[in-house]
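The values are calculated or read from the model by the stated rules, or taken from the named source; none is laboratory data. Worth saying up front: this structure is predicted, and the values here are computed from it rather than measured. Note that each Cβ is placed from the backbone with ideal geometry, even for glycine, and that neighbours are counted across all protein chains shown.
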Amino acid sequence: MTTGIYQHFRPEERILVDQLRDAIATAQVEYRPVVTPFANPRTRAIARMLLGDDDSMGMWSDGAFDDAEWQRIVFAPDYFTPQPEDFQVQLLDIKYPTKFAELHHSTILGTLVHQGIERDVFGDIETDGTRWQFAVDASMTNFFVDNIDHIGRVAVRLFPVTRDERVHGLSDWEEEVALLPGLRLDALVSHVYHVSRQRAKELVEHGEVTLNWQATSRPDAEIAPNDMVSVRGFGRIAVDAVTGQTAKGKLRLVTRVIRKQRGH
């Protein structure tokens with residue numbers, strides 16, 4: 001692969017592309033499996049593009065939870081068949097006084113990211129309505145257990161659990177088809193959340209929108225399959241596919257959407 005590979009990706013993805021290429025090269029040269037940090041859907045899509053048609057190498061991913069959004073990737077020679085332990089993912093169960101307190105995804109996420117670690121050290125946060133769990137890099141298990149004793153104002157304790165004990169999360173996603181004049185970020189936000197194009201543009205420019213968990217101030221940023229868009233106060237949009245054009249020339253996008261209840 002030459003430097004021409006970068007033309008297929010966004011400029012801000014260049015470091016990520018290099019990291020993935022290094023992991024693939026290590027697996028090839030040392031002829032052994034290599035596991036990455038937790039990767040979001042866009043990162044996994046880039047990894048698949050980088051592997052291309054190389055039949056000598058395989059790619060697998062796993063995040064412990066069913067249909068996990070964040071998963072660790074294993075690159076390995078074709079002889080290798082990964083087992084769950086090869087992904088080095090540990091589930092942690094959050095024990096808290098369920099009769100007297102409530103936990104929320106945003107509060108748990110905020111607690112984790114304020115531990116001074118990168119986002120790719122932990123995976124999904126899931127709940128079945130009462131129990132809460134999250135996935136972590138197995139090598140960091142003791143760090144989380146030893147350092148987290150409160151989430152918000154709620155006293156908690158963390159306990160490692162097996163995959164068989166994992167919660168089966170409640171999905172808030174709704175599948176929708178979006179018809180857009182183009183693949184601009186502001187056009188998607190405007191369409192999905194029923195706000196004016198100008199309002200969508202302002203949301204992006206004012207830092208209220210992230211694209212693949214990265215802040216962006218570009219309303220004209222081009223969206224692509226496997227992108228994840230988050231709009232503060234509104235919700236999230238997962239772009240699953242671009243399936244063609246309508247007779248009037250609009251692009252047809254298959255998406256999944258979460259809408260927050262306004263004022264909550």
Lone qualifier among Asp22, Asp66 - being of a type outside the set (Phe, Trp, Tyr) and over 30 Å from Asn147 (Cα atoms): Asp22
Residue among Ala241, Ala215 that alone is outside the structural domain of Pro41 (by TED's automatic domain parsing), without any contact (Cβ under 8 Å) to a residue 12 or more places away in the chain and either at negative phi or out of contact with any helix residue (DSSP H, G or I) (no Cβ under 8 Å at 6 or more places or on another chain) (or both): Ala215
Enumerated strands (runs of 3 or more DSSP E) restricted to the range 163-264, each holding at least 1 residues that are within 18 Å of the chain's Cα centre (by Cα) and surrounded by 18 or more Cβ atoms within 10 Å (Cβ to Cβ): 209-211, 228-231, 235-245, 251-259
Qualifying residue in the range 185-204 (condition: over 18 Å from Arg42 (Cβ atoms) and either in the same structural domain as Pro11 (by TED's automatic domain parsing) or among the acidic types (Asp, Glu) (or both)): yes
Residues located in the range 114-152, provided they are in a strand (DSSP E or B) and either over 19 Å from the mean Cα position of the chain (by Cα) or exposed (fewer than 15 other Cβ atoms within 10 Å of the Cβ) (or both): His150, Ile151
The range 60-72 residues that are closer than 14 Å to Arg48 by Cα, paired with ones that are assigned to a loop (DSSP other than H, G, I, E, B) and not hydrophobic (A, V, I, L, M, F, W, C) (beta carbon under 6 Å, 6 or more apart): Trp60/Pro82; Gln71/Gly63
